[in-house]
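Structure, as C-alpha cells:
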Amino acid sequence: MSASEFDLELQELHQKSVHRLIAAEVFDADAFNQLKRYLCEKSNAIKQEHVISKQVVSIILDAARIIESRAEYMPSVREQLPLANDFHMLLGLIAIGEAWGDRTPGVPRVQ
C-alpha cells in the first residue's frame, strides 16, 4: 500500500476508538492503544515518503484532540492525557521523516 492510498484498517481502528469516544462517551483504552500501535508501525513504513495521506494526519490529530477535549470532564480520559502527547509526537516524527522506534531514550542522536 502506498503512503497516499486510503487505509481501511486505519479507518476501522479510528471508528473503534475516536468515534466511539465521540458518540458514546466511552474511552476504550485497548482501541486507542491498537490505533497508536498501528500508526507507529505505519510511521516506519512511510518514513521515507515525501507525500503521505491526509487520512493519516487527520486521524492522528483527531485522536489527540478528542483525548484532550474529553479529559476536561471525563476522569477516565484525563488519566490518558499522555497518550494525546504520544499522538502529537508521532505526527512530529512523521513530519521529519522518522518513525516511532527510531529514537532510543538516553542515547544521543549524534555519536
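The values are calculated or read from the model by the stated rules, or taken from the named source; none is laboratory data. Note that the coordinates shown come from a computational prediction; the quantities given were computed from them, not determined experimentally. Using ideal geometry, Cβ is built from the backbone for each residue, glycine included, and neighbour counts are taken over all protein chains shown. Heads up: the accessible areas ignore ligands, DNA and RNA and are worked out on the full protein's heavy atoms, side chains in. Shrake-Rupley method; radii C 1.70, N 1.55, O 1.52, S 1.80 Å.
Tabulated results
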quantity: Test: Leu13 is surrounded by 13 or more Cβ atoms within 10 Å (Cβ to Cβ) and touching a Leu at 6+ places or on another chain (Cβ under 6 Å); calculated: yes
quantity: Candidate set: the range 16-42, residues that are touching a Phe, Trp or Tyr at 6+ places or on another chain (Cβ under 6 Å) and closer than 18 Å to Met89 by Cβ; chosen: the one least open to solvent (accessible area, probe 1.4 Å); calculated: Ser17
quantity: Some residue of the range 62-83 being surrounded by 13 or more Cβ atoms within 10 Å (Cβ to Cβ), in contact with a Cys (Cβ under 6 Å, 6 or more places away or on another chain) and hydrophobic (A, V, I, L, M, F, W, C); calculated: no
quantity: Residue match in the range 43-52 (condition: open to solvent by less than 90 Å² (accessible area, probe 1.4 Å) and under 15 Å from Ala84 (Cα atoms)); calculated: no
quantity: Flag for Val26 being closer than 14 Å to Phe87 by Cβ and hydrophobic (A, V, I, L, M, F, W, C); calculated: no
